[in-house]
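Structure record follows, encoded as structure tokens.
The values are calculated or read from the model by the stated rules, or taken from the named source; none is laboratory data. Just so you know, these numbers come straight off a predicted model, no measurement behind them. Reconstructed Cβ throughout: ideal geometry from the backbone, glycine too, with neighbour counts over all protein chains shown. Surface accessibility is based on the protein's heavy atoms, side chains included, excluding ligands, DNA and RNA. Shrake-Rupley method; radii C 1.70, N 1.55, O 1.52, S 1.80 Å.
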Amino acid sequence: MRRPPGGTREGRDGGQVTIEFLGMTPTILVTLVVLWQLVLVGYTFTLAGNAADEAVRAGTAAEGDAPGACRRKGERTLPSAWQRTVTCGPGAAGYFTADVRLKVPVLFPGTVDFPFRVHGHAGAVQEARR
């Protein structure tokens, strides 16, 4: 067999790219899973903060059972896949607070959760009644 000019052997490394890609596939998949989990953690923080804001707004504007209205609004604001605890109550000098604690899901919301919770807190001054 005669060598082509330039001393290269064409066609001898045709499957190298396939082998390298197969070797990198687990690394690519693990990176995507880690990025997706980080997105879920960030989204859980966003949900907790928004739910606390909505809950405290409902609690300060409610007539009658303000803590109950606050708790109901906070729970309605959150998706059902997130395990949650919503606590509301009056603070000092007419200040109303809402605390939301959510468990961070592992990969798929509604299945398994991490053992730690994300905390969202909001407060507002109670609206004056006439």
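Solvent-accessible area per residue in the chain equals 68 Å², computed with a 1.4 angstrom probe and all protein chains kept.
Helical runs (DSSP H, four residues minimum) scored at -39500 (n - 2.57) apiece and divided by the length of the chain put the mean residue ellipticity at 222 nm at -16000 deg cm²/dmol. In the chain, the longest principal axis of the Cα atoms and the axis of helix 66-77 are about 20 degrees apart.
Computed on the chain, with alpha-carbon pairs under 8 angstrom and 6+ residues apart, the relative contact order is 24 percent. Helix 16-61 and the longest principal axis of the C-alpha atoms of the chain enclose an angle of approximately 10°.
Between Pro105, Pro79, Pro26, find the one with the highest GNM mean-square fluctuation for the chain; connect C-alpha pairs within less than 10 Å. Largest GNM mean-square fluctuation: Pro26.
Surface composition of the chain: carbon plus sulfur atoms hold 60% of the accessible area, using a 1.4 angstrom probe and ignoring ligands, DNA and RNA. What you get for region 35-130, charging only the Cβ of Lys and Arg (+1) and of Asp and Glu (-1), is a dipole of about 80 debye around the Cα centre. A dipole drawn for the chain from +1 and -1 charges on Cβ atoms has a positive end, and of Thr97, Gly110, Leu35 the residue lying farthest that way is Leu35.
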